[in-house]
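A short write-up of the structure that comes next.
Laboratory data are not the source of any read-out in this text; all were calculated from the coordinates shown. Just so we're clear, the structure is a prediction, and the values are computed from it rather than from any experiment. Using ideal geometry, Cβ is built from the backbone for each residue, glycine included, and neighbour counts are taken over all protein chains shown.
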Amino acid sequence: MIGPPAPLRLTRYAHGGGGAGRLPPAVLDRLAPEAHGDAAVLLPPAGRSGEHAVVSAAAFCAPVVDDPYDWGRIAAADAFSPVYAAGGRPVMALDLLAWPHAALGEDLAREVLRGGRDGAAAAGCVIAGGHGADGTEPTYGLAVTGVADPGRMLRPDAGVPGVPLSLTKPLGLGVLNARHRATGEAFPAAVAAMTRLNAAASGLALANGVMCAGAVGGTGLLGRLFRIARASGVTAVVEAAAVPYLDGARASVRDGFVPPGTHHNLAWVAGGTDFGRIAEDERLLLADAQTSGGLLLAGEIPGAPVIGELVPRREALLVVR
């Protein structure tokens, strides 16, 4: 007797998912030095008070989970993160969908788009249209337009020595997603982290006078710190023992579930980082390619652990101890 068909696994239709499937940061640095995954900001003309700054961002990714609805919600939250990292509020978005229609049909695509719409609704953002293509791999995301108070924004180049570093979500999303893709094992805590918007963290950062921030995404924590330190002319010191991780992240690295993007990230920052005696597994976790990760703040907010500080510029851009 033939049993029911095995559930379709979306993650098997892509060579890499989420932040782990993006171009290596070293390649992006060569191709487009200005394209670092952050939002672009258009300030109002000088002298025109009371107008909003316009914040624009786009992000899309292959599936990181097999559930199409959850993937849609994750992709939406991921696309909003650069707007929140700038201190903005998303107001309108456009769907970006590439779909292998002949292989996957329409029902799964509807669920992905439904997840995206619900993720946008949670952010108070309207999806007003979009673009679809018949692609070889399923890919989904959003082009987002937001607004911000030009006098109260967050910047990646505003870090100054003596300021603590805080992280608003635990790390480990890349390695847990890699384990899920290889084994089918589900990690509800990872899904909850990826679908949680960075809106509250952004608002608390602004309320607490934070001026420097960045979204922890495909380049991992170390990649985000590297860019902040480079842009701000400082060195970032990370206390490895203070960095939070999702349950199962360390075991996933130990068992070999490390996505290629994480290796690319570590190779990219290695030349500018003093790792001291930090072991290889710990280095990989700190460089782990995140999808819809948290905000890295140069400052403190309630509920976010302090993981290090910014210090005057040293020979190494990053120091991990």
Taking the Cβ of Ala14 as the center, what net charge do the other residues with Cβ under 13 Å away carry, scoring Lys and Arg +1 and Asp and Glu -1?
+2
Using alpha-carbon pairs under 8 Å, 6+ residues apart, how would you state the relative contact order of the chain in percent?
24 percent
Among region 234-255, those whose backbone N falls under 19 Å of a label point 7 Å along Cα→Cβ from Arg314 are 234-243
Could you give the length gained by full extension between Thr183 and Arg114, i.e. 0.36 nm per residue of separation minus their alpha carbon distance, to one decimal place?
22.2 nm
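Which value does Rg/Rh take for the chain over its C-alpha atoms, Rh per Kirkwood?
Rounded to two decimals, Rg/Rh equals 0.97.
Determine the dipole magnitude for region 10-320: charges of +1 sit on the beta-carbon of Lys and Arg, -1 on that of Asp and Glu, nothing else is charged, the reference point is the Cα centre, and the result goes in debye to the nearest 20.
480 debye
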Gly87 neighbourhood, Cβ < 9 Å, K/R = +1, D/E = -1, net charge +2
Only four residue types carry charge here, +1 at the Cβ of Lys and Arg and -1 at the Cβ of Asp and Glu. Report the dipole size of region 91-215 about the Cα centre in Debye, rounded to the nearest 20.
440 debye
Antiparallel as a % of all DSSP beta bridges within region 10-320, to the nearest 5?
75 percent
Between region 65-79 and region 263-282, the Cα center-to-center distance that results, in Å
30 Å
Semi-axes in Å, largest first, for region 64-193 (Cα gyration tensor, √(5λ)) are 29, 21, 12
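Given an 8 Å cut-off on Cα distances and at least 6 residues of separation, report the relative contact order of region 168-271 as a percent.
Details: 71 pairs, mean separation 50.8, N = 104.
Normalised by residue count, the contact order of region 168-271 is 49 percent.
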Rounded, prolate or oblate: which fits region 165-321 when a ≥ b ≥ c are the square roots of the eigenvalues of the alpha-carbon gyration tensor, with rounded for a/c under 1.5 and prolate only if a/b beats b/c?
oblate
